[in-house]
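The values are calculated or read from the model by the stated rules, or taken from the named source; none is laboratory data. Remember, it's a predicted structure, so these values are computed and weren't measured experimentally. Cβ placement follows ideal geometry from the backbone for every residue including glycine, while neighbour counts extend to all protein chains displayed. Note: accessible area is taken over every heavy atom of the protein model, side chains too, but ligands, DNA and RNA are not part of it. Shrake-Rupley method; radii C 1.70, N 1.55, O 1.52, S 1.80 Å.
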Amino acid sequence: MQKENLNKNSADNNENAQRQAKFAKLQKVIETGVNPYAHIFKPTHFSAQLKEIYKDIPADDSEQSEEIIVAGRIYTIRNSGMFMDLYDKEGKIQIYSYAGSTPDSELEKIKLLDSGDIVGVRGVIKRTKRGELSVVVKEITLLAKSLQLMPDKYHGMQDVESRYRQRYVDFMVNPDAKDVILKRSFIISAMRKFLENKGFVEVETPIFHPILGGANAKPFITHYNSLDKDFYLRVAPELYLKKLVVGGFDRVFEIGKNFRNEGIDTKHNPEFTSMELYQSYADYNDMMAITEEMFSYIATKLYGEPEVEWNGHKISLKAPFARVSLVDAASKAIGVDLMSIDDDEKARKAATDAGIKLKGNETWGEVIEEIFDQRIEKTIVQPTFMIDYPRDICPLAKRHRQNPRLAERFELFIAGAEFANAYSELSDPVYQKEMFMDQMAKKEKGNDETQQMDFDFINALEYGLPPTGGLGIGIDRLVMLMTNSSSIRDVLAFPTLRDKK
């Protein structure tokens with residue numbers, strides 16, 4: 001233990017010395033009359049562009065005549081500043097300075113530079129005898145002095161916790177981390193194009209909700225000072241989007257943040273991004289079709305085929321996906337025909353006899369949901385629609401047209417994780433009010449995730465909601481799938497973290 005402390009103290013002292021050296025160089029730069037944090041700088045070229053333009057020049061150490069200007073961050077400095085690796089948005093290019101070509105005044109400036117500094121370089125192109133395309137310095141400008149120590153570019157940030165707490169550093173030194181965020185942007189853009197091509201209109205609905213609704217979830221609560229009233233950060237945009245459909249917007253979608261005051265783990269973040277869409281004159285069968293087509297479309301745009309790899313599995317996103325009855329699967333999992341049971345207590349006994357852990361107050365539908373969570377979900381690998389859920393756990397979905405105990409709802413599961421949730425949307429205002437009343441009764445029994453009565457939503461339904469299909473997709477999970485990321489933290493630029501111990 002004493003040896004470990006000595007090593008730590010030695011490392012801390014070395015780090016402090018390096019930091020002090022950076023501050024000393026900063027002071028020297030200021031003393032020369034140079035602003036170490038420039039207002040503006042305009043590069044003419046970027047690294048990949050230069051490599052393409054000058055791909056055919058020979059490695060004969062001769063300088064090209066055209067002057068170019070580049071800018072970026074210095075990652076490594078070698079041979080007392082003769083060689084520097086500069087990274088811009090497109091990649092790396094070598095910066096080369098030497099007496100006889102680089103003015104003495106610029107060589108003096110280079111002595112005050114460190115790894116991490118952001119610089120602009122005016123110079124000419126040459127390919128060294130070793131074959132490295134380089135920018136020969138004619139003038140170098142400090143744009144931002146870095147006062148922190150840069151991690152090793154080739155080893156990155158070794159501590160996983162530090163990677164998530166200082167994502168800006170992780171992105172600097174870990175191209176894979178940056179690539180995931182770039183692909184996230186591409187995926188969301190592809191989703192928008194897909195929906196717009198199908199005639200959907202993107203809309204925005206409120207984040208602050210006066211009434212908790214749209215999903216069964218624990219909310220975050222905030223206070224609206226000017227109204228002197230508590231509001232909920234939305235758990236889902238569903239009810240507002242369906243009001244738009246009532247108002248005549250036949251196909252709408254929204255991509256935005258939802259907030260659920262629940263756990264943090266590799267698949268959950270308290271604030272997350274979802275896409276919800278609603279289509280008039282459609283049902284949950286249409287939502288299955290659009291989900292299959294969307295997932296296949298995005299994967300093909302990314303990789304040229306509707307196939308991805310995730311958590312060690314090759315996942316085919318080619319339609320059609322499997323369709324499995326939730327009640328049938330749960331019945332098979334415990335060896336009991338659950339459709340033959342019409343009593344909550346008998347359902348709980350059948351489940352507990354089969355080893356399912358319950359709290360003891362679950363309804364028939366909640367028992368089936370628990371059986372799925374504990375026995376079935378983790379066994380699913382290829383895309384599977386679990387369909388026809390118990391009606392008592394689906395307060396916003398239509399009754400199943402063949403079986404009134406069920407609702408026309410599906411959830412999509414891939415490799416043990418949920419990716420989508422969809423309904424044939426409930427449009428009967430009288431029945432919807434009954435379902436809200438049922439939710440309120442559950443809340444009185446201690447279930448704090450249930451929805452509240454929304455009289456304005458009932459009022460909207462009384463004007464008439466056409467037959468409508470609704471679909472919600474978790475974008476963070478979708479990006480995990482499409483980028484082979486095992487943790488939701490990897491697909492968020494700044495994930496929520498517990499306090500540092």
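Numbers for the structure displayed
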{"read-out": "Alpha-carbon Debye profile of region 410-468, log10 I(q)/I(0) at 0.24, 0.30 Å⁻¹", "value": "-0.96, -1.09"}
{"read-out": "Rounded FRET efficiency, nearest 0.05, which uses the C-beta distance separating ASP12 from GLU108 and R0 of 45 Å", "value": "0.90"}
{"read-out": "Packing-based order for 240-251, 270-281, using average beta carbon neighbours within 10 Å, highest first", "value": "270-281, 240-251"}
{"read-out": "Per-residue SASA entry for TYR87, accessible area with 1.4 Å probe, Å² rounded to 10", "value": "50"}
{"read-out": "Three principal axis lengths of region 133-197 [C-alpha, angstrom, descending]", "value": "50, 36, 23"}
{"read-out": "Angle between the chain longest axis and helix 284-303 axis [Cα atoms, degrees, rounded to 10]", "value": "10"}
{"read-out": "Computed over region 1-113, Kirkwood Rh from alpha-carbon pairs, angstrom", "value": "17.2"}
{"read-out": "Convex hull volume per residue in cubic angstrom - Cα atoms of region 281-369", "value": "156"}
{"read-out": "Dimensions (Å) - region 184-236, Cα atoms, principal axes, largest first", "value": "43, 23, 19"}
{"read-out": "Taking N as its residue count, the alpha carbon Rg of region 63-180 over 2.2 N^0.38 Å", "value": "1.11"}
{"read-out": "Stretchable slack from HIS313 to LYS178, in nm (0.36 nm times residue separation minus alpha-carbon distance)", "value": "46.3 nm"}
{"read-out": "Entries of LYS51/LYS126; LYS218/LYS398; LYS183/LYS378; LYS28/LYS178; LYS129/LYS178 with Cα pairs more than 22 Å apart", "value": "LYS218/LYS398; LYS183/LYS378; LYS28/LYS178; LYS129/LYS178"}
{"read-out": "Carbon plus sulfur fraction of accessible area for the chain, probe 1.4 Å, in percent", "value": "50"}
{"read-out": "At R0 = 30 Å, FRET efficiency that the Cβ-Cβ distance of SER62 and LYS92 yields, to 0.05", "value": "0.85"}
{"read-out": "Whole-number Å³ per residue for the convex hull built on Cα positions in the chain", "value": "224"}
{"read-out": "nm² value of the averaged projected area, convex hull over the Cα atoms of region 350-482", "value": "9.5"}
{"read-out": "Cα-only Debye scattering, region 119-266: base-10 log of I(q)/I(0) at q = 0.10, 0.13, 0.20 Å⁻¹", "value": "-0.70, -0.92, -1.25"}
{"read-out": "Value at 222 nm in deg cm²/dmol, rounded to 500, when DSSP H runs of n ≥ 4 in the chain each add -39,500 (n - 2.57)", "value": "-10500 deg cm²/dmol"}
{"read-out": "Computed label-point distance, nm, for sites LYS257 and ARG401 using a 7 Å Cα→Cβ extension", "value": "4.1"}
{"read-out": "Global size of region 190-286 as Cα Rg and Dmax, reported in angstrom", "value": "14.9, 45"}
{"read-out": "Of every Cα-Cα pair in region 24-86, the percent that sits beyond 18 Å", "value": "59"}
{"read-out": "Gain in span if fully extended, GLU204 to SER486, counting 0.36 nm per residue against the direct Cα distance", "value": "98.5 nm"}
{"read-out": "Hydrodynamic radius of region 226-335 per Kirkwood, over alpha carbon pairs, in Å", "value": "17.6"}
{"read-out": "For the chain, accessible area per residue (1.4 Å probe, heavy atoms of protein chains only), Å²", "value": "50"}
{"read-out": "Region 269-312: Rg to Rh, with Rh as the Kirkwood radius over Cα pairs", "value": "1.07"}
{"read-out": "Added length on full extension, which subtracts the Cα-Cα distance from 0.36 nm per residue, ASN79 to ALA144", "value": "21.2 nm"}
{"read-out": "Two-site label geometry, LEU358 and LYS445: point separation in nm, points 7 Å out along Cα→Cβ", "value": "1.1"}
{"read-out": "Exposure rank, largest accessible area first [ARG498, ARG167; 1.4 Å]", "value": "ARG498, ARG167"}
{"read-out": "VAL34/LYS129 FRET efficiency (R0 30 Å; Cβ-Cβ; nearest 0.05)", "value": "0.35"}
{"read-out": "For q = 0.15, 0.18, 0.24 Å⁻¹, Debye-computed log10 I/I(0) when each Cα of region 53-127 counts as one equal scatterer", "value": "-0.51, -0.75, -1.30"}
{"read-out": "Where labels lie 7 Å past Cα in the beta-carbon direction, separation of LYS349 and GLU434 in nm", "value": "2.8"}
